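J.: Just passing along the structure, written as structure tokens.
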Amino acid sequence: MTQALIYSTGGLIVFGIGFYGVVIAAHILQKVLAVNVMSIGVFLVLMATARLPEGPPDPVPHAMVLTGIVVAVAASAIALWLICRIQVLGNTGDDPH
Amino acid sequence: MFRDISLYSTKPHPVARAFFGLATLAMTSVLIAVFLTTEQAEPTLRSMVQGAMSTSGVENPVTAVLLNFRGYDTLLEVAVLMIVATAMLPPAAPGPITRSLPAMTVDPMLAGIVRWLVPMAIITSGYLLWIGAFSPGGAFQAGSILAAAGILMLVAGHHEFSFNSIGARALLVLGLGTFLLVAIGVAMATGVMLQYPIARAAALILVIESAATISIGLSLLMFYGSVARLTVARSER
Amino acid sequence: MIELGFDVLLVAVIVLVSWLTLMGAHLLRSIVLFICLGLFVTVAWVRLGGIDVAIAEAAIGAGITGAILLAALRQLQNEPTDHSRGKTDKDGQDVS
């Protein structure tokens with residue numbers, strides 16, 4: 001069992017958990033959390049396979065994961081903002097602005 | 001139209017839940033099996049990157065890949081940040097980019113922490129930005145530390161930021177604008193977009209990263225400010 | 001050998017915390033567990049040799065995402081009483 005194998009298997013399990021959570025979760029905030037958990041699983045697999053048997057790790061998957069983290073925070077932010085907007089519009093019935 | 005949307009959904013029926021759980025288990029097992037049976041590919045990417053490092057202008061391979069070899073992806077990523085920031089812009093409120101408020105209900109511990117941590121955060125961010133060429137670091141890390149300092153200031157309540165002012169909009173656009181200017185400028189020099197001339201690569205990367213740090217920091221701070229709606233709430237006073 | 005044992009333990013903890021994050025009914029607990037998950041994953045990135053990714057994950061993935069999630073939770077929990085859309089202070093009293 002190499003290190004890459006341990007982390008990528010864990011990453012795939014985390015991906016499965018996140019996928020299950022997207023459908024099962026009761027509150028929509030937990031669904032946003034589940035999508036983020038799925039992306040963490042994918043990053044685990046990417047980084048685990050970047051680990052090479054000898055020498056420094058492969059830098060290209062590292063760059064991909066960095067880009068992925070930033071895009072994930074942007075997507076989560078817009079999703080949460082939309083959720084808050086829906087809540088506001090649903091309560092007052094019209095745009096307060 | 002939005003009155004019927006409920007943010008709480010009922011949990012699915014237990015049978016459906018069990019069925020979907022089994023399906024997820026099956027999918028995960030298939031993924032793991034496929035992963036375990038594929039062979040490790042030849043590490044050609046790493047040797048290609050290491051072979052080209054002398055032409056990249058920096059010593060950190062991740063920074064070289066991010067800003068030089070795959071600079072187009074980073075350009076698109078900064079564009080994504082700017083698009084999301086534009087979508088979340090608060091309504092137009094007059095005033096300068098920051099404004100000091102008299103402290104009303106501010107925790108003294110929080111005020112003290114802000115006084116110490118924000119200058120340290122700015123210095124740390126500048127250090128990470130500079131050291132990104134030689135060691136782990138870079139624009140995204142530095143920008144996120146700036147955003148964290150800004151979030152502390154927002155939470156402490158001493159300052160408010162107006163993200164829709166001219167200054168804020170200029171700083172939001174600064175990162176993508178600089179990146180595009182450099183990309184098109186070097187195209188006029190070397191003929192290919194985003195192909196830095198080797199002698200100038202280090203300086204160009206530093207310029208792009210500095211502008212991107214400010215933009216990324218402000219964008220991330222604006223994500224928090226818009227969701228917390230501190231800007232809107234304060235502008236209605 | 002010890003290092004592999006540490007890796008197995010870390011992966012087991014990551015899987016467990018990601019399960020607990022999504023299977024609770026309490027929203028605040030889910031968000032706090034998500035921030036913890038981000039920090040465990042940061043340690044995993046360090047173990048895998050990606051220091052840049054570790055710094056970015058700790059600051060952005062755990063820090064910024066956690067702060068935005070907590071702000072959204074506060075908005076969602078305050079909203080039914082927040083008709084004037086004023087700000088509430090730390091004790092939850094409406095100061096608009």
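The values are calculated or read from the model by the stated rules, or taken from the named source; none is laboratory data. Small disclaimer: the values here were computed from a predicted structure and weren't measured. So basically every Cβ, Gly included, is an ideal-geometry build from the backbone, and we count neighbours across all protein chains shown.
J.: When only residues in segment C:60-96 that are among the basic types (Lys, Arg) and at pLDDT below 50 count, which is surrounded by the most Cβ atoms within 10 Å (Cβ to Cβ)? Break it down into steps so the answer makes sense when it comes.
T.: Going residue by residue through segment C:60-96, those that are among the basic types (Lys, Arg) are C:74, C:85, C:87, C:90.
Now restrict to residues that are at pLDDT below 50: C:85, C:87, C:90.
Values: C:ARG85: 17, C:LYS87: 20, C:LYS90: 10.
The extreme case among them is C:LYS87.
J.: Would you confirm, using the coordinates I've provided, whether B:ALA170 is assigned to a helix (DSSP H, G or I) and facing another protein chain (nearest Cβ under 10 Å)?
T.: The answer is no for B:ALA170.
J.: Looking at segment A:44-66, can you tell me whether even one residue there is modelled with pLDDT of 95 or more, at the interface with another protein chain (Cβ under 7 Å from one of its Cβ atoms) and surrounded by fewer than 21 Cβ atoms within 10 Å (Cβ to Cβ)?
T.: Among the residues of segment A:44-66, not one is modelled with pLDDT of 95 or more, at the interface with another protein chain (Cβ under 7 Å from one of its Cβ atoms) and surrounded by fewer than 21 Cβ atoms within 10 Å (Cβ to Cβ), which makes the answer no.
J.: Right, next: Which residues, taken from segment B:53-83, are crowded, with 23+ Cβ neighbours inside 10 Å, among the polar types (S, T, N, Q) and either farther than 12 Å from B:ALA183 by Cα or touching a Cys at 6+ places or on another chain (Cβ under 6 Å) (or both)?
T.: B:THR63
J.: So in segment B:38-80, with the set limited to residues that are of a type in the set (Ser, Thr, Tyr) and modelled with pLDDT under 90, which one is nearest to A:GLY55 (Cα to Cα)? It would help to see each step written out before you state the result.
T.: Applying the first criterion (of a type in the set (Ser, Thr, Tyr)) to segment B:38-80 yields B:38, B:44, B:47, B:54-56, B:63, B:72, B:74.
After this cut, where a residue has to be modelled with pLDDT under 90 as well, the list is B:38, B:44, B:47, B:54-56.
Numbers: B:THR38: 22, B:THR44: 13, B:SER47: 11, B:SER54: 18, B:THR55: 21, B:SER56: 20 Å.
Checked segment B:38-80; the qualifying residue nearest to A:GLY55 (Cα to Cα) is B:SER47.
J.: Under the condition of being polar (S, T, N, Q) and either closer than 16 Å to A:PRO56 by Cα or in a helix (DSSP H, G or I) (or both), which residue from segment B:19-51 is farthest from the other protein chains (Cβ to nearest Cβ)? Steps first, answer last, please.
T.: Filtering segment B:19-51 for residues polar (S, T, N, Q) gives B:24, B:28-29, B:37-38, B:40, B:44, B:47, B:50.
Among the residues that remain, those that are also either closer than 16 Å to A:PRO56 by Cα or in a helix (DSSP H, G or I) (or both) are: B:24, B:28-29, B:37, B:44, B:47, B:50.
Working: B:THR24: 4, B:THR28: 3, B:SER29: 9, B:THR37: 12, B:THR44: 10, B:SER47: 10, B:GLN50: 8 Å.
Only one residue tops the list, namely B:THR37.
J.: Being part of a helix (DSSP H, G or I) and more than 8 Å from chain A (Cβ to nearest Cβ) is the filter; apply it to segment B:52-67 and report the residue that is nearest to B:LEU194 (Cα to Cα).
T.: Filtering segment B:52-67 for residues part of a helix (DSSP H, G or I) gives B:52-55, B:61-67.
Pick out the ones that are also more than 8 Å from chain A (Cβ to nearest Cβ) and you get B:52-55, B:63, B:67.
Working: B:ALA52: 16, B:MET53: 16, B:SER54: 17, B:THR55: 14, B:THR63: 15, B:LEU67: 9 Å.
By that ranking, first place goes to B:LEU67.
J.: Right, B:PHE140: part of a helix (DSSP H, G or I) and either under 26 Å from C:GLY50 (Cβ atoms) or touching a residue at least 12 places away in the same chain (Cβ under 8 Å) (or both) or not?
T.: Yes: the conditions hold for B:PHE140.
J.: Limited to segment A:1-37, what total is found for residues that are in a helix (DSSP H, G or I) and under 19 Å from A:LEU82 (Cβ atoms)?
T.: 10
J.: Working only within segment B:165-198, note down all residues that are surrounded by 18 or more Cβ atoms within 10 Å (Cβ to Cβ) and either more than 20 Å from the chain's Cα centre (by Cα) or closer than 24 Å to B:VAL114 by Cβ (or both).
T.: Hits for segment B:165-198 are B:SER165, B:ALA168, B:LEU171, B:LEU172, B:VAL186, B:LEU194, B:TYR196.
J.: Tell me which residues, restricted to segment C:1-30, are under 20 Å from A:PHE19 (Cβ atoms), facing another protein chain (nearest Cβ under 7 Å) and among the β-branched types (Val, Ile, Thr).
T.: C:VAL11, C:ILE14, C:VAL15, C:THR21
J.: Here's a follow-up. I need the full set of residues from segment C:47-59 which are more than 9 Å from chain B (Cβ to nearest Cβ) and modelled with pLDDT under 95, in order please.
T.: Once the filter is applied, which keeps residues that are more than 9 Å from chain B (Cβ to nearest Cβ) and modelled with pLDDT under 95, segment C:47-59 yields C:ARG47, C:LEU48, C:GLY49.
J.: Pull out all pairs, ordered by first then second residue, where Cβ-Cβ is under 7 Å, the residues are six or more apart or on different chains, the first lies in segment A:69-87 and is free of Cβ contacts under 8 Å to residues at least 12 places away in the same chain, and the second is aromatic (Phe, Trp, Tyr).
T.: A:VAL70/B:PHE140; A:ALA77/B:PHE223; A:ILE86/B:PHE2
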